């Protein structure tokens, strides 16, 4: 970390920053450091809007009942870089998946009057549109699948266009009679965004919005890492409506399209398999 950036972050925190050590990264450059005597976690990237959106999502999760959320300590811009400073949490990868399920069910009890969110944000590094809607099928088609399908075609995966268009046309039929509550969602609930702090479930790196709670469960199921006890406990705490098994793959398509757009054609067979189901 440059001295100029460290100084700017220290000014935002109101205390000098020291002993910064690189802590990996994906869509941002990450550091662990000390602000005074307090350990902090710092994310840096060129896109200030992305980190501001993450801070907004973390604040929303913290205001809801359920999870331990890392506190946002500072968010700002220094020269060509934006930064987000969070409290450093001593995360453990394993814990009680039943407690995790209960926390998720409580989070989903929170929500808003409409599907969407107060601002657009990001799913990974991909912009995520959140203009509110009263119609879940319309929201999922226009704000979730359609942008990812357009991006996939623009990146050379034109084979998704025809079956994708057919699916968008059929969505009102496929979701007919399904009237979910606009639940507050984490939005990117894979195991890498989950941990435990002194036994309490913790989540981070959100893509927050209000939507069908089954979307969080579909993502949790997609890449593994969540035990059968987690899903059993969730369904006990908050039973799912009929048809959720059929909707699960539909909701997983959004994340698979996003992975196709972020990481390449290795995800194309799974995308085409799901699209083929609805032709």
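Conditions tested, residue by residue: (1) in a loop (DSSP other than H, G, I, E, B); (2) touching a helix residue (DSSP H, G or I) at 6+ places or on another chain (Cβ under 6 Å).
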{"position": "107", "(1), (2)": "no, no"}
{"position": "113", "(1), (2)": "yes, no"}
{"position": "127", "(1), (2)": "no, no"}
{"position": "138", "(1), (2)": "no, no"}
{"position": "141", "(1), (2)": "no, yes"}
{"position": "144", "(1), (2)": "no, yes"}
Notebook entry, point to check: Does residue 52 satisfy the condition of being surrounded by fewer than 18 Cβ atoms within 10 Å (Cβ to Cβ), touching a residue at least 12 places away in the same chain (Cβ under 8 Å) and not assigned by TED's automatic domain parsing to the domain that holds residue 198?
Noted result: yes
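Before we move on, is residue 263 closer than 24 Å to residue 124 by Cα, within 20 Å of the chain's Cα centre (by Cα) and at pLDDT below 95? Lay out the reasoning, then the answer.
Working: closer than 24 Å to residue 124 by Cα: yes; within 20 Å of the chain's Cα centre (by Cα): yes; at pLDDT below 95: no.
Taking the combined requirement at face value, the residue does not satisfy it.
Looking at the structure I just gave you, is residue 216 buried (at least 17 other Cβ atoms within 10 Å of the Cβ), at pLDDT 95 or above and part of a loop (DSSP other than H, G, I, E, B)? Step through it out loud before you land on a result.
Numbers: buried (at least 17 other Cβ atoms within 10 Å of the Cβ): yes; at pLDDT 95 or above: yes; part of a loop (DSSP other than H, G, I, E, B): no.
When the stated conditions are applied, residue 216 does not pass them.
So which of 23, 62 ends up being over 19 Å from the mean Cα position of the chain (by Cα), surrounded by 14 or more Cβ atoms within 10 Å (Cβ to Cβ), closer than 16 Å to residue 205 by Cβ and not assigned by TED's automatic domain parsing to the domain that holds residue 230?
Exactly one residue qualifies, and that residue is 23.
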Note to self: I'm told residue 199 meets every condition in (1) free of Cβ contacts under 8 Å to residues at least 60 places away in the same chain; (2) exposed (fewer than 13 other Cβ atoms within 10 Å of the Cβ) except one. Can you identify the failing condition by its number?
What the structure shows: (1)
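The values are calculated or read from the model by the stated rules, or taken from the named source; none is laboratory data. For clarity, every value in this text was computed on a predicted model and none was experimentally measured. Positions of Cβ are backbone-derived with ideal geometry, glycine not excepted, and every protein chain shown enters the neighbour counts.
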